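Presented below is the structure to which this report refers.
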Amino acid sequence: MITLDRAKLHLNAWLDAELAVSQGQAYTIGSRSLTRANIAEIRKQIGFWEKKVDELEIAEKGGRVRRAKRFIPRDL
């Protein structure tokens, strides 16, 4: 089970990774280039951990997690 503290730790790690990558993700020397990390994957993980932290904070307060529902109106 993931605790709120653990989720915050992961979120902060991914935020630090995004900052590091944004300051020098790729560079080229002559005809050779190096890419350090996939920024899209880092941002995906940030979104995941932000959602997890929010869910755990709500659960810790005794609340319910709101879920969006989709419906299609029909004219009968």
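The values are calculated or read from the model by the stated rules, or taken from the named source; none is laboratory data. As the structure is a prediction and not an experimental result, all values here were calculated from the model. Every residue, glycine among them, receives a Cβ derived from its backbone with ideal geometry; neighbour counts consider all protein chains shown. What goes into the accessible areas is simple: the full protein's heavy atoms, side chains included, and nothing from ligands, DNA or RNA. Shrake-Rupley method; radii C 1.70, N 1.55, O 1.52, S 1.80 Å.
Return only the number of the condition from (1) assigned to a helix (DSSP H, G or I); (2) open to solvent by less than 70 Å² (accessible area, probe 1.4 Å); (3) aliphatic (A, V, I, L, M) that L19 does not satisfy.
Among (1) assigned to a helix (DSSP H, G or I); (2) open to solvent by less than 70 Å² (accessible area, probe 1.4 Å); (3) aliphatic (A, V, I, L, M), L19 violates only (2).
Among the candidates D5, D75, single out the residue that is under 19 Å from the mean Cα position of the chain (by Cα) and open to solvent by 80 Å² or more (accessible area, probe 1.4 Å).
One residue alone meets the criteria, D5.
Kindly check whether there is at least one residue in the stretch 41-62 that is exposed (fewer than 12 other Cβ atoms within 10 Å of the Cβ), part of a helix (DSSP H, G or I) and touching a residue at least 40 places away in the same chain (Cβ under 8 Å).
Yes, some residue in the stretch 41-62 is exposed (fewer than 12 other Cβ atoms within 10 Å of the Cβ), part of a helix (DSSP H, G or I) and touching a residue at least 40 places away in the same chain (Cβ under 8 Å).
All but one of (1) over 30 Å from E55 (Cα atoms); (2) touching a helix residue (DSSP H, G or I) at 6+ places or on another chain (Cβ under 8 Å); (3) of a type outside the set (A, V, I, L, M) hold for R32, so report the exception by its number.
Result: R32 passes all but (2).
Among the residues of the stretch 26-40, write down those that are open to solvent by 60 Å² or more (accessible area, probe 1.4 Å) and under 19 Å from the mean Cα position of the chain (by Cα).
R36, N38, A40
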